[in-house]
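Note sheet for the following structure.
The values are calculated or read from the model by the stated rules, or taken from the named source; none is laboratory data. Source: prediction; values computed, not measured. Cβ placement follows ideal geometry from the backbone for every residue including glycine, while neighbour counts extend to all protein chains displayed. Protein only, heavy atoms only, side chains kept; ligands, DNA and RNA dropped before computing areas. Shrake-Rupley method; radii C 1.70, N 1.55, O 1.52, S 1.80 Å.
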2 protein chains.
Amino acid sequence: MGVTASGRTRVLEAVRDAARFDAGPLDRRLGYWLRRAQLAVFRDFFATFESYDIRPAQYSILTVIESNPGLKQGVVGEALGIKRANFVAMIDELQGRGLVRRAPIPGDRRSHALVLTAEGARLTAELHAVSDRHEGKLIAAIGETAYRDLFAPLNALARLGEGER
Amino acid sequence: MGVTASGRTRVLEAVRDAARFDAGPLDRRLGYWLRRAQLAVFRDFFATFESYDIRPAQYSILTVIESNPGLKQGVVGEALGIKRANFVAMIDELQGRGLVRRAPIPGDRRSHALVLTAEGARLTAELHAVSDRHEGKLIAAIGETAYRDLFAPLNALARLGEGER
DNA sequence: CGACAATTGTTATGACATATAACAATCTGC
DNA sequence: GCAGATTGTTATATGTCATAACAATTGTCG
């Protein structure tokens, strides 16, 4: 417990030049930097999409429905890692804004098939362009090579706990 | 309304093999994969630290204080990107658990210097070992090379909006 | 010195995201 | 036809992030 012995002096030293900061073991903790990077990227997302009132999750939902029209609500949610209980309100809002429609599925009256409305399809196409601008800022920040090489490891990390299900 | 014209057929097709799923443009959206990866990594963090009742933010706070004893409360929070309003309750809890102490700073009765208690120092050392196990699982998932190469770009991304302050 | 501005910690509050439990309607398998 | 699974839904709790306002204290400057 060397800390206790020299505690007082070390405190005073640190207070004196509080400007200096040592991340310590933290700068080799992947989760920490993933979190910091994700927050910063989302902040840029919000800034870029400001005039559209679209959050990241909403953009991802619209994109998945666009690429997979008619998927059951639960499947879309699961694909995005969103619990179905939380997914309901999200679809409610997109439907309320006239972007998404819950269509009946012949043969299963429990489920809903999600499809984009005409307006939803138009907006989603526009959002892709906006998203490209956002992505461009990320590339500018880290370089094309690093950008390209990020996807594979992030993908692998995202599948971490997949065995346990 | 081109969507309406072919809408019905496409819906039925998609419903038929709902198992298939196309991420579409989403798999080239860095923010999406950052988020997914971060959530999965945090889930593993929670699993690994289960018996300690320690969240990622708490571990980061303890680590920063350990590496920089005596830093003012606001400085520690800012270093971790935590707004000082939100930081208060976090320190309250760590203090309540006897891990952190708010020490007076001579010459400034507004500020508090944060230091680990003996118990806090002991626990933090133990947490580093646990964190190493956690980190080992991440390395196992993506390989040492990819792991090592992740830090630089994540660091750069985390500094994205830094010019605007 | 004394008014005024800036800093620091704090409280209160709101918007979101995430998680679980319980329920009704519906479907499936036997 | 009945028991159990599936699907969407509601309700609820917790955690994270953000902003505004305030009191105490400190710094600035005429």
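Residues that are in a helix (DSSP H, G or I) and among the hydrophobic types (A, V, I, L, M, F, W, C): does the range B:92-112 have at least one? Break it down stepwise before answering.
Of the range B:92-112, the ones in a helix (DSSP H, G or I) are B:92-96.
After this cut, where a residue has to be among the hydrophobic types (A, V, I, L, M, F, W, C) as well, the list is B:94.
Looking for residues that are in a helix (DSSP H, G or I) and among the hydrophobic types (A, V, I, L, M, F, W, C), one finds at least one in the range B:92-112, hence yes.
So which of B:D22, B:D44 is surrounded by fewer than 17 Cβ atoms within 10 Å (Cβ to Cβ), within 7 Å of another protein chain (Cβ to nearest Cβ) and under 30 Å from A:V76 (Cα atoms)?
Result of the check over B:D22, B:D44: B:D22.
Find all pairs meeting these conditions: Cβ atoms under 6 angstrom apart; at least six residues apart or on different chains; first residue within the range A:83-105 and closer than 20 Å to B:L39 by Cβ; second residue within 13 Å of DNA strand C (Cβ to nearest atom).
So the pair list comes out as A:R84/A:G74; A:R84/A:G77; A:F87/A:G77.
Restricting to the range B:47-73, what's the tally of residues that are more than 7 Å from chain A (Cβ to nearest Cβ) and within 14 Å of DNA strand C (Cβ to nearest atom)?
Residues meeting the conditions: 6.
List every residue pair whose Cβ atoms sit under 9 Å apart, with the two residues 6 or more apart in sequence or on different chains, where the first one lies in the range A:124-144 and is facing chain B (nearest Cβ under 9 Å) and the second, anywhere, is among the polar types (S, T, N, Q).
Note: pairs meeting the criteria are A:H128/A:T63; A:S131/A:T48; A:S131/A:T63; A:H134/A:T48; A:K137/A:T48.
If you scan the range B:100-120, which residues turn out to be touching a strand residue (DSSP E or B) at 6+ places or on another chain (Cβ under 9 Å) and facing another protein chain (nearest Cβ under 8 Å)?
Listed by number, the residues that qualify are B:A103, B:I105, B:A113, B:V115, B:L116.
Determine if the range A:27-40 includes at least one residue that is within 8 Å of chain B (Cβ to nearest Cβ), away from DNA strand D (no atom under 13 Å from the Cβ), open to solvent by 50 Å² or more (accessible area, probe 1.4 Å) and closer than 24 Å to B:A152 by Cβ.
Yes - at least one qualifying residue is present in the range A:27-40.
Quick one: count up the residues across the range B:138-155 that are under 17 Å from B:F49 (Cα atoms) and either surrounded by fewer than 17 Cβ atoms within 10 Å (Cβ to Cβ) or within 16 Å of DNA strand C (Cβ to nearest atom) (or both).
0
If we keep just the residues of the range B:82-137 that are more than 20 Å from the chain's Cα centre (by Cα) and polar (S, T, N, Q), which is nearest to DNA strand C (Cβ to nearest atom)?
So, considering only residues that are more than 20 Å from the chain's Cα centre (by Cα) and polar (S, T, N, Q), the one nearest to DNA strand C (Cβ to nearest atom) is B:S111.
Please give the helices (runs of 4 or more DSSP H) falling wholly within the range A:1-82 in which 3 or more residues are out of contact with any Lys or Arg (no Cβ under 9 Å at 6 or more places or on another chain) and at pLDDT below 90. Talk me through it step by step, then tell me what you get.
Details: elements: A:2-16, A:30-48, A:56-67, A:73-79.
Answer list for the range A:1-82: A:2-16.
For the range B:91-130, enumerate the residues that are within 26 Å of B:L157 (Cα to Cα) and surrounded by 18 or more Cβ atoms within 10 Å (Cβ to Cβ). Step through it out loud before you land on a result.
Step one: list which residues in the range B:91-130 are within 26 Å of B:L157 (Cα to Cα), which gives B:128.
Across the range B:91-130, there are no qualifying residues.
Within the group A:E78, A:E126, A:E66, which residue is among the charged types (D, E, K, R), out of contact with any strand residue (DSSP E or B) (no Cβ under 9 Å at 6 or more places or on another chain) and more than 9 Å from DNA strand D (Cβ to nearest atom)?
Among A:E78, A:E126, A:E66, only A:E126 is among the charged types (D, E, K, R), out of contact with any strand residue (DSSP E or B) (no Cβ under 9 Å at 6 or more places or on another chain) and more than 9 Å from DNA strand D (Cβ to nearest atom).
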